[in-house]
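Undergrad: Questions regarding the structure given below will be posed in turn.
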Amino acid sequence: MVADRTAVVTGGGRGIGQAICIELAASGADVVVADIDESAMEETKQLVEDEGQRAVTIKTDLQQLDDVQQTIDEIFDIFDSVEILVNNAGIAGPTRLCEEVTAEEWDQTIDVNLRGPFYMCRELLPGMKDQSYGRIVNIASVTGKRPLEQRLPYATAKMGLLGFTRTLAAEVGEHNINVNAICPGSVYGPRIKRVFEEKAEATNQTYSDIRKEAENASARNELVSRKDIAQLAAFLCSDNSTRITGQDINVSSGKVMY
Ligand SMILES: NC(=O)c1ccc[n+]([C@@H]2O[C@H](COP(=O)([O-])OP(=O)(O)OC[C@H]3O[C@@H](n4cnc5c(N)ncnc54)[C@H](O)[C@@H]3O)[C@@H](O)[C@H]2O)c1
């Protein structure tokens, strides 16, 4: 589906990003993993190579433009072109009321979730335009579509990411570059476990109450798997989705339907 393509996946060291790297590799792409956590990327590298594809890992802090530019230079020292970008890296930010959020927490949450995708697109778009081909997938959230109390910086960033997706899609469509967003619901894994634990503490409920509440909030009464997200990402990165652009697609077991 994406044979002979080179894909860059931010935050591919673990979680959803790792699943996306594996799915893209299984579909025939070589994968560049750009993540701030150097040690986490080793496992992803091995898993991509197990699929018979080339894997390159580059330590990148998406909050730093210099770092992103250096990463792009390193990529083009190795590969002639990049066809696919998955802006997956994100952080949950604080679970607190607006007036208890620090300026540093606000900046960091907006920077990783929103400025990171901007930097990556800014640096990779000229090459995509030159080759008249690009597939960009932004991993947003259902929290980009409806409020989530006590998660103001995260919700603001993900809502911004949907506006970014639509506006960029309109800008670059004529260059055969598609830009779409995936909005996961609660994806089971270590990150959501942490989020549930923090919410339990913030609201004086038990962990299992919070988890049940999240499951029951969806039509299917279940959380989502990383592979669910990865399969849609691989489809949106392929030539089977050519006329889908500027969209935000929920993978939420029916938690959000708009
Ligand atoms: N897990 C969920 O339930 C869920 C739900 C909706 C949306 N999402 C979104 O999916 C994406 C992936 O989430 P996840 O659950 O796999 O998270 P995760 O915490 O398991 O993985 C995130 C990855 O991003 C990397 N990262 C963090 N800060 C970085 C930075 N400054 N520069 C480069 N890399 C950085 C981390 O090292 C990590 O490898 C995020 O954008 C998240 O907001 C997740």
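A short reminder: the numbers here are calculations on the coordinates, not readings from a lab. None of these values were measured; they are calculated from a predicted model. All Cβ positions, glycine included, derive from the backbone under ideal geometry; neighbour counts span all protein chains shown.
Undergrad: Need one number for segment 113-163: average projected area of the convex hull over its C-alpha atoms, nm². The partial results should precede the final answer.
TA: Numbers: hull surface 14.6 nm².
Computed as one quarter of the Cα hull surface, the answer is 3.6 nm².
Undergrad: State the Cα centre-to-centre distance between segment 154-194 and segment 31-67 in whole Å.
TA: Each part's Cα centre sits 20 Å from the other's.
Undergrad: I would also like to ask the following. Could you give each residue of segment 5-14 its phi-based ³J(HN,Hα) in whole Hz, using Karplus coefficients 6.51, -1.76, 1.60 with θ = phi - 60°, and x for Gly or Pro?
TA: With the stated coefficients, segment 5-14 comes to 9, 10, 10, 10, 10, 7, x, x, x, 7 Hz.
Undergrad: A follow-up question, please. Considering the zone a paramagnetic label at Leu97 would reach in this model (a point 7 Å from Cα along the Cα-to-Cβ line), which residues of segment 196-211 have amide N under 18 Å from it?
TA: 199-205
Undergrad: Once phi is turned into θ = phi - 60°, what whole-Hz ³J(HN,Hα) does the Karplus curve with 6.51, -1.76 and 1.60 give for every residue of segment 100-106, x standing for Gly and Pro?
TA: With coefficients 6.51, -1.76 and 1.60, one gets 9, 7, 7, 4, 5, 5, 4 Hz.
Undergrad: Okay, next question. Given H placed on each backbone N at 1.01 Å, which residues far from Val86 in sequence or on other chains put an amide H within less than 5 Å of it?
TA: Residues meeting the amide H criterion: Val8, Val9, Thr10, Val137.
Undergrad: Once every DSSP H run of n ≥ 4 in the chain is given -39500 (n - 2.57) and the sum is divided by its residues, what mean residue ellipticity at 222 nm do you get, rounded to the nearest 500 deg cm²/dmol? Display every interim value, and only then the final one.
TA: Numbers: 9 runs with 119 residues, N = 258.
Rounded to the nearest 500, it is -14500 deg cm²/dmol.
Undergrad: Taking Lys193 as the anchor, which lysines have their alpha carbon closer than 16 Å to its alpha carbon, excluding any fewer than eight residues away along the same chain?
TA: Of all the lysines, those that pass the test against Lys193 - Cα under 16 Å, at least 8 places apart if same chain - are Lys212.
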